[in-house]
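Data first, discussion second: the structure below is written as structure tokens.
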Amino acid sequence: MEFNPLSTHLHSRKLNAHNKTAWDLLYASTPKSVWGHKPVGFLIPHLPAPELLPPGDILDAATGEGRNLAPLLALGRPVTATDASASALAKIPADLAARVTRLQCDLAVIPVPDRTFAFVLLSDVVETLPEPAAVLGELRRLLVPGGLLLVNIPGDDDGISGIDMQPAPDRAWLYRGRYYYKFHSRAEAEALLANAGLELVTVQVIDWEEDAHPEFRSEPHTHRSLVLLARRPPA
Ligand SMILES: C[S@@+](CC[C@H](N)C(=O)[O-])C[C@H]1O[C@@H](n2cnc3c(N)ncnc32)[C@H](O)[C@@H]1O
């Protein structure tokens, strides 16, 4: 029987696989860049100064087409860019792709040794994950002690919340019936990080504008997210 993503008996692993396929088909559906080439609106003011980072590399976790790679490379450390979508990774502009290590993998199982990264970016991803706790645990494993995670987690007041979305079980949504979304309260967002063994450094509410996204969202729109900087506690 065909998998029905709106079934009340969702198996989150199956849902994750279905969701990853939807993203891969999106990237393959157009030669245009879905997310554009400008870094995500909250990134630049929140990038840590390189001299404040412990030794270690940088990870763009679920990089998409790599719109955030240029500012990450400017930190002057080796950069790894992962995504589940081979089609997304193939669309990273050649000049950037040549300067990073690309890895196709699920965020819950990243084939990299413990304590590799001093800084991890998770941009516009948590709300798309059926199993965010497993992913945050994996990112903690990969951070060096004292290493930083920068992540945005939108709540119900995000400009896209509920738009063209069908309700799914457990307060989640399916955008256009295909892409999983779940919006988290501030308490839920902070608990996700704390339960992964990450301590909060700063939390801010940030608004930013986005252009339309080819084949994904036809109108310019506004986002509001909690932007959290968290740290793996020093050993
Ligand atoms: C909204 S896009 C954000 C992309 C990028 N971080 C950015 O800011 O442009 C979400 C990305 O998460 C990826 N993704 C979703 N679930 C994933 C998973 N379980 N493992 C790895 N990547 C995943 C998708 O392929 C997609 O590229």
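The values are calculated or read from the model by the stated rules, or taken from the named source; none is laboratory data. Remember, it's a predicted structure, so these values are computed and weren't measured experimentally. Neighbour counts are summed over all protein chains in view; Cβ atoms, including those assigned to glycine, are modelled from backbone coordinates with ideal geometry. SASA here: full protein model, heavy atoms, side chains in, ligands and nucleic acids out. Shrake-Rupley method; radii C 1.70, N 1.55, O 1.52, S 1.80 Å.
So the values come out like this:
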{"read-out": "Strands (runs of 3 or more DSSP E) completely within the stretch 127-207 that count 1 or more residues being more than 16 Å from the ligand (Cβ to nearest atom) and modelled with pLDDT of 95 or more", "value": "143-153, 165-168"}
{"read-out": "Answer from ARG231, ARG178 - the residue that is in contact with a Pro (Cβ under 8 Å, 6 or more places away or on another chain), in contact (Cβ under 8 Å) with a residue 60 or more places away in the chain and charged (D, E, K, R)", "value": "ARG178"}
{"read-out": "Filtered residues of the stretch 190-228 (kept if free of Cβ contacts under 8 Å to residues at least 40 places away in the same chain and among the aliphatic types (A, V, I, L, M))", "value": "ALA191, ALA194, LEU200, VAL203, VAL205, ALA212"}
{"read-out": "Residue pairs meeting the criteria (Cβ under 7 Å; at least 6 apart or on separate chains; first modelled with pLDDT of 95 or more and among the aromatic types (Phe, Trp, Tyr), in the stretch 89-118; second surrounded by 15 or more Cβ atoms within 10 Å (Cβ to Cβ) and in a strand (DSSP E or B))", "value": "PHE117/ASP57; PHE117/ILE58; PHE117/LEU59; PHE117/LEU143; PHE117/VAL144; PHE117/GLY147"}
{"read-out": "Residues that are within 12 Å of the ligand (Cβ to nearest atom) and of a type in the set (Gly, Ala, Ser), drawn from the stretch 63-83", "value": "GLY64, GLY66, ALA81"}
{"read-out": "Of the criteria (1) buried (at least 21 other Cβ atoms within 10 Å of the Cβ); (2) without any contact (Cβ under 8 Å) to a residue 12 or more places away in the chain, which one PRO167 fails", "value": "(1)"}
{"read-out": "Test: residue in the stretch 44-62 that is farther than 19 Å from THR116 by Cβ, within 10 Å of the ligand (Cβ to nearest atom) and either open to solvent by less than 60 Å² (accessible area, probe 1.4 Å) or touching a residue at least 40 places away in the same chain (Cβ under 8 Å) (or both)", "value": "no"}
